[in-house]
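The values are calculated or read from the model by the stated rules, or taken from the named source; none is laboratory data. Only a predicted model underlies this, so the values are computations on that prediction, with no experimental measurement involved. Here the Cβ positions follow ideal geometry from the backbone for every residue, glycine too, while neighbour counts run over all protein chains shown.
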Amino acid sequence: MTTVAACPVLLTAKAVTVATELAADFAAGAATRDSQRELPFREIERLSASGLLAITVPAAYGGADLPPSTVAEVIRILATADPNIAQIPHSHFVYVNLLRLAGSDGQLLHYSQRLLHGAQIANAQTERNSATVAEIATTLRPSGGRFRIDGAKYYCTGSLFADILAVLTRLDDPDHESGLAEGQYIAFLPADTPGVRIDDDWQAMGQRTTGSGTVVFDGVVVDRSALIARAPAVNTPTAYGAFAQLLHAAIDAGIARGALQAAASFAREKSRPWFEADVTRAIDDPLLIQRFGELAVVVQAAEATLAAAGAKVDEAVNGLSLDPDRSAAEASLAVAGAKIVADKAATEVSSALFEVCGTRSAAADLNLDHFWRNARTHTLHDPIRWKYQHIGRALLHGTPPPLHSAI
């Protein structure tokens, strides 16, 4: 998929403009792609060629190095049009951030050049058969001066479109042959590496075209230069998790806005008024106006909370605070709040769409339910009940949130 020519280097205003223009095009076919499960290969190629996937490449390596708040806004804009397309680059940005935080100069130089020519990274992170999602069974073992990877990953969003897979592994080296410290490593692999099999087996009710299939690794051999220890990014106050979760919140906020826009358009163009309202247009029904106003406030709150959280993550990432531990903790708590608000907005507004649009909106050929199915599926990614816990503990006990990537 990688483009040959260098992508444009987009500064903040241009990145938002390009995202807005692409979103307008992507919105037109979103419902059809969802209903027919048409994978958005052409759309992802356009996204790659646009330069949006390279906006976080560090300035020292030729990129624009745009802040987390801008990335979140780009993702939110794309999600208003097609939440599937918005989720595909989520892990791309997360693993570019890992490169920035934990990669060597040589690794940053190598992968930055690829990113600036349109390369896309996808995750191969989640295990299905472990006791919890935090346990990693995929092994990394020394093998003749190189390393061997064996295992299987699930829910590998974007893997069908990717040039590079970021594979979360656990070093299995009891004899210390490798000279590496034990722990978790990310292996950056070309998607066509021998021994890698990518299965298109994602069958969820929503986010159906994200390419979130299974990836199997059978004796995959990698060089040391492809490995990055995960600990420097996730075990210190880098705001790594806050950045990842900010983008999830952006997807949900985008779904809420997209559903509200679709509902308003339908009400204006197709809904019939309820006879008791004694009006000729549905949109003149005072009760309908009231409900749309309520939903608009829900969406505005999600967007405002997202923006506030983005500012906190920017502050933590920029490293300007005299107390980096506190800055990272504040960013995580702000993002946790934003994720809660966006989660509720996405599910409420996408469900209320039918309430305010009437029976006609439930027609199967319209596929307006894709907003709710996408919202309900994506918001399962990490439970907001634990975000309430971390917020409450910080408030009552002064306990900082954990450093893991889900907060």
Inset, instruction - Take segment 131-146 and flag every residue that is of a type outside the set (Ser, Thr, Tyr) and within 23 Å of the chain's Cα centre (by Cα). - result: Val133, Ala134, Glu135, Ile136
Legend entry - Residue selected from segment 185-223 under the condition touching a helix residue (DSSP H, G or I) at 6+ places or on another chain (Cβ under 7 Å) and assigned to a strand (DSSP E or B), by the criterion farthest from Asn235 (Cα to Cα): Leu189
Inset, instruction - Sort out which residues of segment 122-177 are more than 27 Å from Asp200 (Cβ to Cβ) and of a type in the set (Ser, Thr, Tyr), and write them in order of number. - result: Ser143
Legend entry - Residue check, Leu368 at pLDDT 95 or above and in contact with a Cys (Cβ under 8 Å, 6 or more places away or on another chain): yes
Legend entry - Among (1) farther than 28 Å from Ala301 by Cβ; (2) touching a Ser or Thr at 6+ places or on another chain (Cβ under 6 Å); (3) β-branched (Val, Ile, Thr), the one test that Ile77 misses: (1)
Inset, instruction - Could you please let me know if Ile255 is more than 30 Å from Ser159 (Cβ to Cβ) and either modelled with pLDDT of 95 or more or of a type in the set (A, V, I, L, M, F, W, C) (or both)? - result: no
Inset, instruction - Restricting attention to segment 48-96, report how many residues are small (Gly, Ala, Ser), farther than 14 Å from Ile121 by Cβ and surrounded by 24 or more Cβ atoms within 10 Å (Cβ to Cβ). - result: 4
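For every residue, the table says whether it meets (1) part of a helix (DSSP H, G or I); (2) over 22 Å from Ala331 (Cβ atoms).
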site	(1), (2)
Asp34	yes, yes
Glu38	no, yes
Arg46	yes, yes
Ala49	yes, yes
Asp65	no, no
Thr70	yes, no
Ile75	yes, no
Ala79	yes, no
Asn84	yes, yes
Inset, instruction - Say whether the condition of being exposed (fewer than 15 other Cβ atoms within 10 Å of the Cβ) and closer than 30 Å to Arg326 by Cα is met by at least one residue in segment 214-232. - result: yes
Inset, instruction - Tell me which residues, restricted to segment 263-286, are polar (S, T, N, Q) and either loosely packed, with under 14 Cβ neighbours inside 10 Å or over 11 Å from Ser361 (Cα atoms) (or both). - result: Ser265, Thr280
Inset, instruction - Name the helices (runs of 4 or more DSSP H) wholly inside segment 319-407 in which the number of residues that are in contact with a Lys or Arg (Cβ under 7 Å, 6 or more places away or on another chain) and surrounded by 13 or more Cβ atoms within 10 Å (Cβ to Cβ) is 3 or more. - result: 324-357
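Residue by residue, here is whether (1) surrounded by 24 or more Cβ atoms within 10 Å (Cβ to Cβ); (2) free of Cβ contacts under 8 Å to residues at least 40 places away in the same chain holds:
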{"residue": "Arg114", "(1), (2)": "no, no"}
{"residue": "Gly118", "(1), (2)": "no, no"}
{"residue": "Ala122", "(1), (2)": "yes, no"}
{"residue": "Asp150", "(1), (2)": "no, no"}
{"residue": "Lys153", "(1), (2)": "yes, no"}
{"residue": "Asp163", "(1), (2)": "no, no"}
{"residue": "Arg170", "(1), (2)": "no, yes"}
{"residue": "Asp173", "(1), (2)": "no, yes"}
Inset, instruction - With the condition kept exactly as written, say whether any residue in segment 283-292 is part of a helix (DSSP H, G or I) and either assigned by TED's automatic domain parsing to the domain that holds Phe26 or within 15 Å of Ala346 (Cβ to Cβ) (or both). - result: no
Legend entry - Residue count for segment 158-172, restricted to those that are under 17 Å from Val94 (Cβ atoms) and either aliphatic (A, V, I, L, M) or touching a strand residue (DSSP E or B) at 6+ places or on another chain (Cβ under 6 Å) (or both): 9
Inset, instruction - Would you be able to say whether some residue in segment 23-33 is charged (D, E, K, R) and either crowded, with 23+ Cβ neighbours inside 10 Å or closer than 26 Å to Ala338 by Cβ (or both)? - result: no
